[in-house]
Amino acid sequence: MKLYELTIHELRRLLAQGETTAAEVTASIYERIKKLEPKVAAYLSLSEEIAMEEARGWDKRGFGDKTKPLAGVPLAVKDVICTMGIRTSCGSNILANFVPPYDATVTLKLKQAGGILLGKTNMDEFAMGSSNENSAFGPTRNPWNLKYIPGGSSGGSAAAVAADECIAALGSDTGGSIRQPASHCGVVGFKPTYGRVSRYGLVAFASSLDQIGPISKDVTDAALLLQVIAGYDERDSTSVPKEVPDYTESLVQGLKGITFGIPREYFVEGLEPEVEKAVREAIKTLEELGGKAIEVSLPHTEYGVAAYYIIAPAEASSNLARYDGVKYGHRDREGKTLLEMYRRSRSEGFGAEVKRRIMLGTYVLSAGYYDAYYKKALQVRTLIREDFLEVFKKCQVLVAPVAPSAAFSLGSKVDDPLQMYLSDVFTLPASLAGIPGISVPCGFTSEGLPIGLQILAPHFEEGLALQVAYNLEQNTDFHRRRPPL
């Protein structure tokens, strides 16, 4: 096995045994990045000098400190998460030259655990998109087929993990932006419970939905990364002061006593036959491992897309109002008046999808429409949340597809926003409810494109989702396959 192909837990073992060095691993990944980036375009910024210096520092200090579980591990971070001294562009021209003066809480936690930051990954502008085609700096391509999208908005992180251009990565999930690209790229992606991981230093899209989580090569790595980044943070008012369990204790064989619900609303017209077949096969595997499957209903699922595309743009229009060309970010130099400078700066800095969502959000928050749209969407969100609370009285977890299809070809939906939005139909409800969800590889299409299984658990029951995902992974080999790059 090549050094860049290692998982976190495999690399940590080799480092502890002295069989490799952090500098060797980091150098091998940068060689891989230089070779593949012209094809994949997973990164927007690299920090090679700093990373190599840190790697050599860890080699001198050694790897015996158990309080540093990521010591010497090269990681990537989505470009929506602040990194002190390293550009954070959010995939947007308006922040093309923004270098944060501070670290996000998760960035700080990675560093404190010994992680080495390789660079910042490509993404849909301000995390608004499902294909990574909305990046101002060009799309990322799916490592399994370079003519296809990697998913979005954390497409760069998912593609970097799948292509072995990092050991693991962080993404963010507002309506499916970790789970969907993880599914399309054949890797593991975990959205924790809203409030489990600090959002301090995550550039806001929709503040009541955004959540940071791990994207990794296997479930064990997802548990290890989540362990590092989870926990209360007084700098984030939405962070929940709840004790963080040892997630690795959930990685046990067997599912005896676990009932998983199969929501009938997730197996509907529009679900590709190959995706349904792979998901049904995964369900059969889980039953063979001792789990019990029952059919359940989440009756308000059909309203999830409509509610999300009112709530998220409304919050986005408010959050993105700060980009006015005054304090930081792109500033137009031609405007003769303050208003003209605002208008020109924002027109030049934002891409088409971001403008579309700002306008949608401003409209639904405007006088005369607030009650008809925004207030109604919040009421629907409550009903969706109550659906999940009710169904979790009958089962411990839910098992469903991540997306209606495998990855689609680049450019095929870019001119049809509604079709693009519908690709998130199975991930949005969990985001609206704030529950944790994981995508784990469960198959491939006849064209060789990955398919993911989505496992949803009650609030703060990340361990349950990890246990089910781990059992599926240990009894299949999909996570071991590599793209033909």
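Here, each number is a calculation from the coordinates, and none is a lab measurement. It should be emphasised that the depicted structure is a prediction, and the values quoted were computed from it without experimental measurement. Counting neighbours? That spans all protein chains shown, and the Cβs are built from the backbone with ideal geometry, glycine included.
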What whole-number distance in Å separates the alpha-carbon centres of the range 358-377 and the range 190-232?
29
What residues qualify as long-range amide H neighbours of Gly443, i.e. H under 5 Å apart, gap of 5 or more or another chain, H built at 1.01 Å from N?
Ile451
FRET efficiency, 1/(1 + (r/R0)^6) with R0 45 Å, evaluated for Asp65 and Lys34 via beta carbons
0.90
Over the Cα atoms of the range 243-374, what is the Rg over Rh ratio if Rh follows Kirkwood?
1.20
Quick check on the range 346-485: take the gyration tensor over C-alpha atoms, sort the square-rooted eigenvalues as a ≥ b ≥ c, and tell me if it's rounded (a/c under 1.5), prolate or oblate.
oblate
Measure of size requested: the Rg and Dmax of the range 201-297, with Cα atoms as the atom set and Å as the unit; please supply both.
17.6, 46
To the nearest 20 debye, the chain has a Cα-centred charge dipole, built from +1 on Lys and Arg Cβ and -1 on Asp and Glu Cβ, of 720
In µm²/s, what is D for the range 136-185 at 10 °C and 1.306 mPa s, where D = kT/(6 pi eta Rh) by Stokes-Einstein and Rh is the Kirkwood radius from Cα pairs?
151
Euclidean distance of C-alpha centroids, the range 110-152 and the range 402-444, integer Å
15
Within the range 126-194, which trypsin sites (Lys or Arg not before Pro) sit in a loop by DSSP and count at most 15 neighbouring Cβ atoms inside 10 Å?
Lys147
Out of the trypsin sites (Lys or Arg not before Pro) in the range 196-291, which ones are loop residues according to DSSP with at most 10 other C-beta atoms within 10 Å?
Lys256
Consider the candidate values (i) 122, 32, 19; (ii) 45, 26, 19; (iii) 31, 29, 21; state which one is semi-axes √(5λ) of the Cα gyration tensor in Å computed from the structure displayed.
(iii)
Quick one: what are the phi-derived ³J(HN,Hα) couplings along the range 199-208, Karplus 6.51/-1.76/1.60 with θ = phi - 60°, whole Hz, x for glycine and proline?
9, 4, x, 8, 5, 6, 10, 10, 5, 8
Length-normalised contact order of the range 173-229, Cα under 8 Å, at least 6 apart, in percent, tallies to 38
Rg to Rh, two decimals, where the range 114-247 supplies the alpha carbon set and Rh follows Kirkwood
0.96
Take every Cα pair under 8 Å in the range 262-392 that's 6+ residues apart, average their separations, divide by the length, and report that relative contact order as a whole percent.
32
Residue order, fewest to most surrounding Cβ atoms within 10 angstrom, among Asp221, Asp371
Asp371, Asp221
What list of ³J(HN,Hα) values in whole Hz, one per residue of the range 150-155 in order, does the Karplus curve 6.51 cos²θ - 1.76 cosθ + 1.60 (θ = phi - 60°) give from phi, with Gly and Pro shown as x?
x, x, x, 8, 8, x
Ranked packing of 392-401, 83-92, most packed first, by mean Cβ within 10 Å:
83-92, 392-401
Can you give the helix-only mean residue ellipticity at 222 nm for the chain, where every DSSP H stretch with n ≥ 4 adds -39500 (n - 2.57) and the sum goes over all residues, rounded to the nearest 500 deg cm²/dmol?
-11000 deg cm²/dmol
Normalized C-alpha radius of gyration of the range 72-123, against 2.2 N^0.38 Å?
1.08
Averaged across orientations, what area in nm² does the convex hull of the alpha carbons in the range 279-346 project?
8.8
Counted neighbours (other Cβ, 10 Å), sorted fewest up, put Trp144, Trp58 in the order Trp58, Trp144
Spin-label proximity, Tyr328 to the range 169-205 - amide N less than 13 Å from point 7 Å beyond Cα toward beta carbon
201-204
How do Glu24, Glu49 line up, fewest other C-beta atoms within 10 Å first?
Glu49, Glu24
Under 5 Å from the placed amide H of Thr121, counting only residues 5+ away or on other chains, we find Leu44, Val77, Lys78, Asp79
Whole-Å semi-axes of the range 41-110's equivalent ellipsoid (Cα gyration tensor):
26, 13, 10
Just flag the trypsin sites (Lys or Arg not before Pro) in the range 309-384 sitting in loop per DSSP whose Cβ has no more than 14 other Cβ atoms within 10 Å.
Lys327, Arg333, Lys336
Quick one: Debye curve from the alpha-carbon atoms of the range 1-148 only, equal weights, vacuum; give me log10 I(q)/I(0) at q = 0.14 Å⁻¹ to two decimals.
-0.70
Three principal axis extents, largest first, for the C-alpha atoms of the range 354-436, in Å?
41, 39, 15
